[in-house]
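Below is one structure; the comments refer to it alone.
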Amino acid sequence: MINPKIPNGPIENKWANYINNSKPINHANRSKYHIIIVGTGLAGASAAASLGELGFRVSSFCFQDSPRRAHSIAAQGGINAAKNYKNDGDSVWRLFYDTIKGGDFRAREANVYRLAQLSVKIIDHCVAQGVPFAREYGGLLDNRSFGGSLVSRTFYAKGQTGQQLLLGAYSALNRQISAGTVKSFPRTEMQDLIVVDGHAKGIVARNLITGELRAYTADAVVLATGGYSPAFYLSTNAIGCNVSATYRAYKKGAFFANPCYTQIHPTCIPQSGEHQSKLTLMSESLRNDGRVWVPLMHNDHRSAEQIPEQERDYYLERKYPSYGNLAPRDISSRAAKQVCDDGRGVGPGGKGVYLDFSNAIRRVGKSVISARYGNLFDMYIKITGENPYDKPMRIYPAVHYTMGGLWVDYDLMSTVPGLFVLGEANFSDHGANRLGASALMQGLADGYFVLPNTIAGYLNQIKPGLIKDNDLRITESVDTSREYIRRLMMIKGTKSPDYFHRELGKIMWNDCGMARTESSLRRALSEIPKIREAFWKDVNIPGSDMEFNQTLEKANRVADFLEFSELLCLDALKRNESCGGHFREEYQTIDGEAQRNDEEFCHVAAWEYKGLGNEPVRHQEQLKFENIHLAQRSYK
Amino acid sequence: MNLRNYTLKIWRQKDKFSPSYLDTIQVKDISPDMSLLEMLDVVNNHLITINKEPIAFESDCREGICGACSIVINGIPHGKERGTTACQLHMRHFEDGETITLEPWRAEAFIPIKDLVVDRTAFDRIQQAGGYISVNTGSAPDAHSMLIHKNAADEAFDAAACIGCGACVAACKNASAMLFVGAKISQLAHLPQGDPERKRRTNAMVMQMEKEGFGSCSNTLECEAVCPKEISTKVIAELNWEFIRSINN
């Protein structure tokens, strides 16, 4: 059993007690501590800015050309906060309850309660930074509804809430860069975690323009490097999103928790062909006004407008009358898969369902719908060449977010002392399924409010500046990374990294996607090592490693996906239950819903690396539900 | 599906010290549903299999919001479709057999890195100079303690929609960054939170913009025409107004 170090006391007071009992670092001593933060999305940028404000010395790394391009930028719909500005019965408790239930009772109560408490302060801070949230005519902030909730608690900035929040965090980061507390390293990618005497003491990173590899030492390392959706090749994630930072930390002793919890988002634009490089999400907020349906008849090839009302199956409204089109993501995705598997899907290959706005347009008018979702409709038109004002959108589920991540305790520290993990890169708050508009909330809560209060607990125990750059143990880690890159360069095969990534993606989607079985997972586990072997024999990287080389960057990341995916499938195989985004066909209720097994699996699985080719060790953190009664999740 | 063929003329440049040239590449069997960048993926995958250097180009989100993609397509930054980034430009907009010329952003302040990739960190430095509101984490009052007129919030949002891609600079004959800087200034100038620092902010950002080597605006308005987020040149007028205010106390 691993210990999450949850503070004592009633859940409402845990965080306040924690802060009261903590010992901050004396202001005069803070600049003696150097902290490395990898990743500049919402979690990384907000952490770097906040630690800089406190007076720590911070180095901030990202592989993109600018911190502002981190993938948080693509979040569309919104950010939750328990403000109850709508007087519709919202509260910290209700947000806590919705998140635990939405995560299918596989998240840690204490962390989620803290998240719900902090949600309120996030909105205040972002408004103060100048984030242009949507407002009502009276000058107050507007809210909308998202899946898995009966109240309106989602704050938004049209369909680009992620970009606006990230620009806010980026501006705070810029302020600290200007003040000299934060040093920024764009286009610099982490290659490895440096662990000295069991403690995280820095990273090895590659300058992506010159190819130079070097060590950066620190007193603590923070990973805010996002999720691992591109293990499936096609996902809604950006092209550069990767698992390398967290996976390499895992290989250095950080436990990886619940890798099988992956979120398949129900409303994405269907794939149009083999060439496709990514899938595009259509925000969940569209389900506020759009109605999801398929034809009642099998293999109905009539166009949408030719199908009369009584021959349509609004299956979400039929199956989940109280939540309807706002059923949570895992449930909506599975329902879409079921109707498509039943032969009632629409569009090429029957891999799609309609998201229809005609009712809403009739009810409130085209201009109102355009004000709410205009930019999303435009994006749909650009990609598909079809106009959703005239005919329904076609949508299909796609991999979107990963709830699993490096295991962290209440302090957000991993099993490697001095290594902290924030945002999507950790596992702690969303259980087996994340509710819409909660990722932005978690990233910012972790970075602005949690880490700045928890990191002192660790820093108080160590002496700052113990390890120097020329320490033999540091130069050795640089040599190891250099050797790894040299091995990649030397393969000189015949295929591109994309080729192997795509092959991996097919296996992952077919055998470990929306529905998993013991036999499909065993098949994946036997196929993945074969692709990995082929990759190390036959990948080709033209050019040199001492220059700007995007093929090398890609190969470097694909190599990690080819190892990590095995862990993901293994975790899925060992979790003999269905919960949230992890659906094992063997474990379902008679009406096809996920069937949890609380007796045996009410725990976090945290994996310990034991060398490539050896089975990792599965540790457990027991989940205790002291405040919310464990129950079968129902949205009916 | 009717697949199409194209002739690509692509700017190649090994690094900032090397001369550039236009490389001609024939591509076959391209689906009209592919994006321009997916077409380049196909080309690159082929080049890698024959051990030739693939074309370096930038992209990340591939849904028009991160601002990474940056290609001048047939002489127009992001191509001829209005309000569209290169990653959202699909091949259905190109005729079968067409010759497509691809070049990087070209401006003194954007230093070449390789092929179609340039260094745009000048934009970061302009924002570091003052593009923020000085508020420390934890010090904010309740969000509803301040009423903001819906029109002001909407105008701030319209300016904030800038994705920092730099197409405005690439389109401008003076390589001016006034649309970009104007958008940043305008966003905060419309909001009461931005008011205390407005003069200092404008001054610092304009000074940094000059230092980076961006040119001045001579009102050709090409920037607005190519901006993938259709930011209005109204923000340039606002920038000028804010700048005059910032020096005349």
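The values are calculated or read from the model by the stated rules, or taken from the named source; none is laboratory data. Computed from a predicted model, the values in this text were never measured in an experiment. As a convention, Cβ positions derive from the backbone with ideal geometry for all residues, glycine included, and neighbour counts pool all protein chains shown.
Residues are listed down the side, and each one gets a yes or a no for (1) more than 10 Å from chain A (Cβ to nearest Cβ); (2) among the basic types (Lys, Arg); (3) touching a strand residue (DSSP E or B) at 6+ places or on another chain (Cβ under 7 Å):
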residue	(1), (2), (3)
B:Val43	yes, no, yes
B:Ser59	no, no, no
B:Ile71	yes, no, yes
B:Ile76	yes, no, no
B:Asp96	yes, no, yes
B:Ile100	yes, no, yes
B:Ala109	yes, no, no
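Counting only residues that are in contact with a helix residue (DSSP H, G or I) (Cβ under 9 Å, 6 or more places away or on another chain) and at the interface with another protein chain (Cβ under 7 Å from one of its Cβ atoms), how many does the range B:45-55 have?
At the first step, the residues of the range B:45-55 found to be in contact with a helix residue (DSSP H, G or I) (Cβ under 9 Å, 6 or more places away or on another chain) are B:45, B:48-49, B:52-55.
Narrowing further to those that are at the interface with another protein chain (Cβ under 7 Å from one of its Cβ atoms): B:45, B:48-49, B:52-54.
Total meeting the criteria: 6.
Between A:Asp429, A:Asp511, which is at pLDDT 95 or above and farther than 24 Å from A:Gly39 by Cβ?
A:Asp511
Of the numbered conditions (1) in contact (Cβ under 8 Å) with a residue 12 or more places away in the chain; (2) within 11 Å of another protein chain (Cβ to nearest Cβ); (3) surrounded by fewer than 24 Cβ atoms within 10 Å (Cβ to Cβ), A:Ile73 satisfies every one except a single condition; which is it?
In the conditions (1) in contact (Cβ under 8 Å) with a residue 12 or more places away in the chain; (2) within 11 Å of another protein chain (Cβ to nearest Cβ); (3) surrounded by fewer than 24 Cβ atoms within 10 Å (Cβ to Cβ), A:Ile73 misses (3) alone.
Look through the range A:275-294, keep the residues that are within 14 Å of another protein chain (Cβ to nearest Cβ) and under 25 Å from A:Glu305 (Cβ atoms), and return whichever of them is surrounded by the fewest Cβ atoms within 10 Å (Cβ to Cβ). Before you say what the answer is, go through the steps one by one.
Restricting attention to the range A:275-294, the residues satisfying the condition of being within 14 Å of another protein chain (Cβ to nearest Cβ) are A:275-283.
Still in the running and under 25 Å from A:Glu305 (Cβ atoms): A:280, A:282-283.
Working: A:Thr280: 22, A:Met282: 27, A:Ser283: 25.
Among those that are within 14 Å of another protein chain (Cβ to nearest Cβ) and under 25 Å from A:Glu305 (Cβ atoms), it is A:Thr280.
The rows are residues; the columns are (1) crowded, with 24+ Cβ neighbours inside 10 Å; (2) at pLDDT 95 or above; (3) of a type in the set (A, V, I, L, M, F, W, C); (4) under 27 Å from the mean Cα position of the chain (by Cα).
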position	(1), (2), (3), (4)
A:Asn17	no, yes, no, no
A:Ala47	yes, yes, yes, yes
A:Leu51	yes, yes, yes, yes
A:Arg69	yes, yes, no, yes
A:Trp93	no, yes, yes, yes
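Within the range B:151-170, track down each residue that is among the hydrophobic types (A, V, I, L, M, F, W, C) and in contact with a strand residue (DSSP E or B) (Cβ under 9 Å, 6 or more places away or on another chain). Even if it seems obvious, please write down each step before you answer.
First pass over the range B:151-170, keeping only residues among the hydrophobic types (A, V, I, L, M, F, W, C): B:152-153, B:156-157, B:159-163, B:165, B:167-170.
Correct list: B:Ala152, B:Ala153, B:Cys165, B:Ala167, B:Cys168, B:Val169, B:Ala170.
Looking only at the range B:1-59, how many residues end up being part of a strand (DSSP E or B) and among the aliphatic types (A, V, I, L, M)?
Filtering the range B:1-59 for residues part of a strand (DSSP E or B) gives B:4-12, B:21-30, B:35.
Those still in the list that are among the aliphatic types (A, V, I, L, M) too: B:8, B:10, B:22, B:25, B:27, B:30.
Here the count works out to 6.
Taking the options B:Gly213, B:Gly164, name whichever one is touching a residue at least 60 places away in the same chain (Cβ under 8 Å), over 19 Å from A:Asn375 (Cβ atoms) and either at the interface with another protein chain (Cβ under 9 Å from one of its Cβ atoms) or part of a loop (DSSP other than H, G, I, E, B) (or both).
Numbers: B:Gly164 fails: over 19 Å from A:Asn375 (Cβ atoms).
Criteria check complete, one pass: B:Gly213.
So which residues in the range A:492-546 are acidic (Asp, Glu), away from chain B (no Cβ under 14 Å) and without any contact (Cβ under 8 Å) to a residue 40 or more places away in the chain?
Pass one, the range A:492-546, residues acidic (Asp, Glu): A:498, A:503, A:511, A:518, A:527, A:533, A:538, A:545.
Those left that are additionally away from chain B (no Cβ under 14 Å): A:511, A:518, A:527, A:533.
Passing the criteria: A:Glu527, A:Glu533.
Checking B:Phe214 against (1) of a type outside the set (D, E, K, R); (2) in contact with a Ser or Thr (Cβ under 7 Å, 6 or more places away or on another chain); (3) within 26 Å of A:Gln176 (Cβ to Cβ); (4) surrounded by fewer than 23 Cβ atoms within 10 Å (Cβ to Cβ), only one condition comes out false. Which one?
(4)
So, in the range B:7-43, of the ones that are among the small types (Gly, Ala, Ser) and surrounded by fewer than 17 Cβ atoms within 10 Å (Cβ to Cβ), which residue ends up nearest to the chain's Cα centre (by Cα)? Break it down into steps so the answer makes sense when it comes.
First, pick out the residues of the range B:7-43 that are among the small types (Gly, Ala, Ser): B:18, B:20, B:31, B:35.
Those left that are additionally surrounded by fewer than 17 Cβ atoms within 10 Å (Cβ to Cβ): B:18, B:20.
Details: B:Ser18: 25, B:Ser20: 22 Å.
Within the range B:7-43, the match that is nearest to the chain's Cα centre (by Cα) is B:Ser20.
Please enumerate the residues belonging to the range A:119-177 that are charged (D, E, K, R) and assigned to a helix (DSSP H, G or I). Can you show your working first?
Looking only at the range A:119-177, we keep the residues that are charged (D, E, K, R), and these are A:121, A:124, A:135-136, A:142, A:144, A:153, A:158, A:175.
Within the range A:119-177, A:Lys121, A:Asp124, A:Arg175 meet the criteria.
Identify, by number, the condition in (1) more than 10 Å from chain B (Cβ to nearest Cβ); (2) more than 30 Å from A:Lys5 (Cα to Cα); (3) of a type in the set (Lys, Arg) that A:Arg187 doesn't meet.
(1)
Residue pairs, Cβ under 7 Å, 6 or more apart or interchain, first in the range A:151-177 and under 16 Å from B:Gln127 (Cα atoms), second surrounded by 24 or more Cβ atoms within 10 Å (Cβ to Cβ) and aromatic (Phe, Trp, Tyr). List them.
Hits for this filter: A:Ser171/B:Tyr132; A:Ala172/B:Tyr132; A:Asn174/B:Tyr132; A:Arg175/B:Tyr132.
Considering A:Ser229, A:Ser145, A:Ser171, A:Ser178, which residue is within 30 Å of B:Lys229 (Cβ to Cβ) and either among the aromatic types (Phe, Trp, Tyr) or modelled with pLDDT under 95 (or both)?
Values: A:Ser229 fails: either among the aromatic types (Phe, Trp, Tyr) or modelled with pLDDT under 95 (or both); A:Ser171 fails: either among the aromatic types (Phe, Trp, Tyr) or modelled with pLDDT under 95 (or both); A:Ser178 fails: either among the aromatic types (Phe, Trp, Tyr) or modelled with pLDDT under 95 (or both).
A:Ser145 is the lone residue from the list that is within 30 Å of B:Lys229 (Cβ to Cβ) and either among the aromatic types (Phe, Trp, Tyr) or modelled with pLDDT under 95 (or both).
Taking the range B:130-158, which residues are closer than 25 Å to B:Ala204 by Cα and more than 7 Å from every other protein chain (Cβ to nearest Cβ)?
Residues of the range B:130-158 that are closer than 25 Å to B:Ala204 by Cα, as a first pass: B:130-137, B:139-140, B:152-153, B:155-158.
Selection gives B:Gly130, B:Ser139, B:Ala152, B:Glu155, B:Asp158.
As an exercise: evaluate A:Arg557 against (1) closer than 26 Å to A:Gly418 by Cα; (2) at pLDDT 95 or above; (3) away from chain B (no Cβ under 14 Å) and give the number of the one condition it does not meet.
(3)
Yes/no matrix, rows are residues, columns are (1) assigned to a helix (DSSP H, G or I); (2) farther than 27 Å from A:Arg108 by Cα; (3) touching a Leu at 6+ places or on another chain (Cβ under 8 Å); (4) not hydrophobic (A, V, I, L, M, F, W, C):
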position	(1), (2), (3), (4)
A:Ala360	yes, yes, no, no
A:Ser370	yes, yes, no, yes
A:Ile383	yes, yes, no, no
A:Lys391	no, yes, no, yes
A:His400	no, no, yes, yes
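Can you name every residue in the range A:140-156 that is over 20 Å from B:Thr137 (Cβ atoms) and within 11 Å of chain B (Cβ to nearest Cβ)?
A:Leu140, A:Asp142, A:Tyr156
What single numbered condition from (1) in contact (Cβ under 8 Å) with a residue 24 or more places away in the chain; (2) in contact with a Phe, Trp or Tyr (Cβ under 9 Å, 6 or more places away or on another chain); (3) under 21 Å from B:Leu3 (Cβ atoms) fails to hold for B:His90?
Tallying (1) in contact (Cβ under 8 Å) with a residue 24 or more places away in the chain; (2) in contact with a Phe, Trp or Tyr (Cβ under 9 Å, 6 or more places away or on another chain); (3) under 21 Å from B:Leu3 (Cβ atoms), B:His90 fails exactly one: (2).
Could you go through the range B:114-121 and let me know if any residue there is among the hydroxyl-bearing types (Ser, Thr, Tyr), facing another protein chain (nearest Cβ under 7 Å) and surrounded by fewer than 21 Cβ atoms within 10 Å (Cβ to Cβ).
Yes: the range B:114-121 contains one or more residues that are among the hydroxyl-bearing types (Ser, Thr, Tyr), facing another protein chain (nearest Cβ under 7 Å) and surrounded by fewer than 21 Cβ atoms within 10 Å (Cβ to Cβ).
Could you tell me whether B:Asp195 is among the acidic types (Asp, Glu), assigned by TED's automatic domain parsing to the domain that holds B:Gln127, exposed (fewer than 15 other Cβ atoms within 10 Å of the Cβ) and free of Cβ contacts under 8 Å to residues at least 60 places away in the same chain? It would help to see each step written out before you state the result.
Working: among the acidic types (Asp, Glu): yes; assigned by TED's automatic domain parsing to the domain that holds B:Gln127: yes; exposed (fewer than 15 other Cβ atoms within 10 Å of the Cβ): yes; free of Cβ contacts under 8 Å to residues at least 60 places away in the same chain: yes.
Answer is yes for this residue.
Do we have any residue at all in the range A:531-553 that's touching a helix residue (DSSP H, G or I) at 6+ places or on another chain (Cβ under 9 Å), over 26 Å from B:Lys14 (Cβ atoms) and not in a helix (DSSP H, G or I)?
For the range A:531-553, residues touching a helix residue (DSSP H, G or I) at 6+ places or on another chain (Cβ under 9 Å), over 26 Å from B:Lys14 (Cβ atoms) and not in a helix (DSSP H, G or I): absent.
Going by the conditions given, is B:Asn151 part of a loop (DSSP other than H, G, I, E, B) and at negative phi?
Working: part of a loop (DSSP other than H, G, I, E, B): no; at negative phi: yes.
Spelling it out, it is not the case that B:Asn151 is part of a loop (DSSP other than H, G, I, E, B) and at negative phi.
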